[in-house]
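Visitor: Structure below; questions to follow.
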Amino acid sequence: MSLRPTWPHDLLILLEHPAVITLGRNTDSNNLRHSPAELQQAGIDCVSSRRGGDITLHNPGQLIGYPIVDLNYYRRDLHHFLRLLEKVLIQTLAEFDLTASTIPGKTGVWIGSRKIASIGIAVRRWISYHGFALNVDNDLSAFEAIVPCGLPDVTMTSMTRELGRPLDHEVVAEALILHFSTLMQRPYLGSYDHTPTPQT
């Protein structure tokens, strides 16, 4: 006789990345506006990724989240999980008086017609990996190197651009953790450490 283990703890990893362009499984090569060599000279790495979605960019000032969730114990529905992540981001932005929403047929979170958060996940054996990127106060001009998410007319925005004032990253992270825990109906067992990792 075997006993099914109790529901494991999910893991939400929050961090920032140095400037890097990632190519999802559905990336159209035409959405990369410069060669990898040119990008390397500009200090931007370019790497392939197994996540879903098209091309995107990460850079300092974004809050990157990697939710590692065992959907076997929750709900085996990838689209439902994506909608939950969008809701987490929308509710987090509402904490800062930013009214965000989704656009039918497009994954991610928007303020009006401006995109403020991107999502690209993958699932293996119904365990999620990869995640989302919330633009807090990152350099938006870096997105000129790509067609963000394969959307030629998209305008990227950030929390600080919309608010016109600086933000404390730790405060944003704590709000996001709270809404992730609530919407996923999972107890919050850890703490957020915003200590920068030394560069080697």
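The values are calculated or read from the model by the stated rules, or taken from the named source; none is laboratory data. Predicted model, so just to flag it, every value in this text is computed and none were measured. Counting neighbours? That spans all protein chains shown, and the Cβs are built from the backbone with ideal geometry, glycine included.
Results for (1) more than 19 Å from LEU176 (Cβ to Cβ); (2) hydroxyl-bearing (Ser, Thr, Tyr), shown as yes or no for each residue.
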site	(1), (2)
GLY43	yes, no
SER49	yes, yes
GLY52	yes, no
PRO67	no, no
TYR73	yes, yes
LEU84	no, no
VAL88	no, no
LEU93	no, no
ASP97	no, no
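Residue-by-condition table, conditions (1) touching a residue at least 12 places away in the same chain (Cβ under 8 Å); (2) in contact with an Asp or Glu (Cβ under 9 Å, 6 or more places away or on another chain):
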position	(1), (2)
GLU16	yes, no
CYS46	yes, no
ILE55	yes, yes
ASN59	yes, yes
ARG75	no, no
LEU84	yes, no
LYS87	yes, no
ASP97	yes, no
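Visitor: Would you point out which residue out of ASP97, ASP70, ASP77 is out of contact with any Gly (no Cβ under 9 Å at 6 or more places or on another chain), closer than 26 Å to THR160 by Cα and surrounded by fewer than 18 Cβ atoms within 10 Å (Cβ to Cβ)?
Guide: ASP97
Visitor: Say whether the condition of being loosely packed, with under 14 Cβ neighbours inside 10 Å, under 21 Å from the mean Cα position of the chain (by Cα), closer than 23 Å to LEU93 by Cα and at pLDDT 90 or above is met by at least one residue in the range 43-57. Before you say what the answer is, go through the steps one by one.
Guide: If we filter the range 43-57 for residues that are loosely packed, with under 14 Cβ neighbours inside 10 Å, which is where we start, we get 43, 47-48, 50.
This time we only want the ones that are under 21 Å from the mean Cα position of the chain (by Cα), so: 47-48, 50.
Checking the rest, the ones that are also closer than 23 Å to LEU93 by Cα come to none.
Scanning the range 43-57, I find no residue that is loosely packed, with under 14 Cβ neighbours inside 10 Å, under 21 Å from the mean Cα position of the chain (by Cα), closer than 23 Å to LEU93 by Cα and at pLDDT 90 or above, so the answer is no.
Visitor: Continuing with the same structure: Could you list, in sequence order, all residues of the range 101-119 that are touching an Asp or Glu at 6+ places or on another chain (Cβ under 9 Å) and not polar (S, T, N, Q)?
Guide: Of everything in the range 101-119, those that are touching an Asp or Glu at 6+ places or on another chain (Cβ under 9 Å) and not polar (S, T, N, Q) turn out to be GLY108, VAL109, ILE111, ARG114, ILE116, ALA117, ILE119.
Visitor: Would you confirm whether or not the range 191-200 contains a residue that is part of a loop (DSSP other than H, G, I, E, B), at pLDDT 95 or above, surrounded by fewer than 18 Cβ atoms within 10 Å (Cβ to Cβ) and of a type in the set (Ser, Thr, Tyr)?
Guide: no
Visitor: Can you tell me which of (1) modelled with pLDDT of 90 or more; (2) touching a strand residue (DSSP E or B) at 6+ places or on another chain (Cβ under 8 Å) is the one THR27 doesn't meet?
Guide: Going through (1) modelled with pLDDT of 90 or more; (2) touching a strand residue (DSSP E or B) at 6+ places or on another chain (Cβ under 8 Å) one by one, THR27 breaks only (1).
Visitor: Against the condition aliphatic (A, V, I, L, M) and either within 26 Å of SER35 (Cα to Cα) or in contact with a Pro (Cβ under 6 Å, 6 or more places away or on another chain) (or both), how does ILE121 come out, does it pass?
Guide: Against the criterion (aliphatic (A, V, I, L, M) and either within 26 Å of SER35 (Cα to Cα) or in contact with a Pro (Cβ under 6 Å, 6 or more places away or on another chain) (or both)), ILE121 qualifies.
Visitor: Hey, could you check the range 137-167 for residues that are of a type in the set (Asp, Glu) and either in contact with a helix residue (DSSP H, G or I) (Cβ under 9 Å, 6 or more places away or on another chain) or touching a residue at least 24 places away in the same chain (Cβ under 8 Å) (or both) and say which is farthest from PHE96 (Cα to Cα)? Explain how you work it out, then say what you get.
Guide: Filtering the range 137-167 down to residues of a type in the set (Asp, Glu) leaves 137, 139, 144, 153, 162.
Now restrict to residues that are either in contact with a helix residue (DSSP H, G or I) (Cβ under 9 Å, 6 or more places away or on another chain) or touching a residue at least 24 places away in the same chain (Cβ under 8 Å) (or both): 137, 139, 144, 162.
Values: ASP137: 14, ASP139: 20, GLU144: 27, GLU162: 10 Å.
Within the range 137-167, the match that is farthest from PHE96 (Cα to Cα) is GLU144.
Visitor: What residue, among those in the range 21-41 that are assigned to a helix (DSSP H, G or I) and free of Cβ contacts under 8 Å to residues at least 12 places away in the same chain, is surrounded by the fewest Cβ atoms within 10 Å (Cβ to Cβ)?
Guide: SER29
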